[in-house]
Amino acid sequence: MNKLIYICLFVTMLFLVSCDEEKLDIINYGSISGTVLDGDTYQPLPGVLITTTPASSSLLTDANGKFSIPKIKEGEVSINIKKKDYLSNAISAAIYGDEETTLDLLIFKDENNIGNISIYDPVPGNGALDQLSNLTLKWNIEGKKSSVVLSYSIYMFESGTTVQKLVGEGIVDKLVTVSELKNSTTYYWYVVANYDGNKVAFSPTWSFRTSASN
């Protein structure tokens, strides 16, 4: 009988410890706010569409060009900026739990009538796992004028480092092949669209993780 009681107590203790471990897996949230400015005049811009990657809130800047997202998951986030007659942009920012991140963001007029370009739909998908050490990165675009021919620069960096590697430059097709990636490693990458020697759009920063063996 005593042995049975000890077994029950042991199982109960294991259950309580398991519950404590689950409680420790807490998601922290911070906030982000800022002002969007015209890149030439530095005047605040109302009505600018603000979205984030990973997705959180979608909103427009107010009459003073200001925006605020009060609850956003801790970690690296891309702030995507879009307004008619302006070149789209995306800025990466670090969000920390219980802290507010404040940014002033610039966007520039579409002087060359290029269009409101967005770079989206990455392959591999954002956050994809078990990727090969040799793979092809792909993306799509929308919003450019039909007569505009863009070229692309593709940047990549490993988790834990800010050293960025240019893995493609002057690319016309919307794809680039990368090789000899490390196993069990998270990689981040983004695309810059260029027109007539000028940067005209940035993609969000996407990620994927390679498999343990290939």
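The values are calculated or read from the model by the stated rules, or taken from the named source; none is laboratory data. Since the structure is predicted, the reported quantities are computational estimates derived from the model, not experimental observations. Counting neighbours? That spans all protein chains shown, and the Cβs are built from the backbone with ideal geometry, glycine included. For the accessible areas, the whole protein counts, side chains as well, though only heavy atoms, and no ligand, DNA or RNA atoms are used. Shrake-Rupley method; radii C 1.70, N 1.55, O 1.52, S 1.80 Å.
The mean sequence separation of alpha-carbon pairs under 8 Å and at least six residues apart, normalised by the residue count of region 121-172, gives a relative contact order of 28 percent. Relative to the longest principal axis of the Cα atoms of the chain, the long axis of helix 2-24 lies at roughly 10 degrees.
Relative contact order for the chain: 18 percent, from Cα pairs under 8 Å spaced at least 6 residues apart, divided by residue count. Region 146-210 and region 39-71 have Cα centres spaced 25 Å apart. Between the listed residues Asn64, Trp206, Leu132, the Cα displaced farthest toward the positive end of the dipole of the chain, a dipole computed from Cβ unit charges relative to the Cα centre, is found at Leu132.
Considering only Val123, Leu166, Asn112, and ranking their Cα positions along the charge dipole of region 102-181 that arises from unit charges at the beta-carbon of Lys, Arg, Asp and Glu, the one farthest toward the positive end is Asn112. Treating only the Cα positions of the chain as identical point scatterers, give the base-10 log of I(q)/I(0) from the Debye formula at each q in 0.10 Å⁻¹. Result of the Debye calculation: -0.55. Panel values: region 51-170, Kirkwood radius from alpha carbon pairs, Stokes-Einstein at 20 °C and 1.002 mPa s, translational diffusion coefficient 128 µm²/s. The Leu132 and Glu169 beta-carbon pair, evaluated with R₀ = 22 Å, returns a calculated FRET efficiency of approximately 0.45.
Expressed in whole Å with the largest first, what are the equivalent ellipsoid semi-axes of region 140-214 derived from the C-alpha gyration tensor as the square root of 5 times each eigenvalue? Please report the intermediate quantities before stating the final value.
Numbers: eigenvalues 143, 29, 23 Å².
For region 140-214, the ellipsoid semi-axes come out as 27, 12, 11 Å.
Apply 1/(1 + (r/R0)^6) to the Cβ-Cβ distance of Asn28 and Glu142, taking R0 = 35 Å, and write down the FRET efficiency to the nearest 0.05. After rounding to 0.05, the efficiency reads 0.55.
As a fraction of the 1.4 Å probe accessible area of the chain, surface on carbon and sulfur atoms comes out at 52 percent. Calculated accessible area for the chain comes out at 60 Å² per residue, all protein chains present (probe 1.4 Å; ligands, DNA, RNA ignored). Could you work out which residue, out of Ser92, Ser151, Ser159, moves most in a Gaussian network model of the chain, that is, has the largest mean-square fluctuation with Cα springs under 10 Å? Residue with maximal mean-square fluctuation among Ser92, Ser151, Ser159: Ser159.
Most fluctuating residue of Val77, Val48, Val148 in a GNM of the chain with Cα springs under 10 Å: which is it? Largest GNM mean-square fluctuation: Val148.
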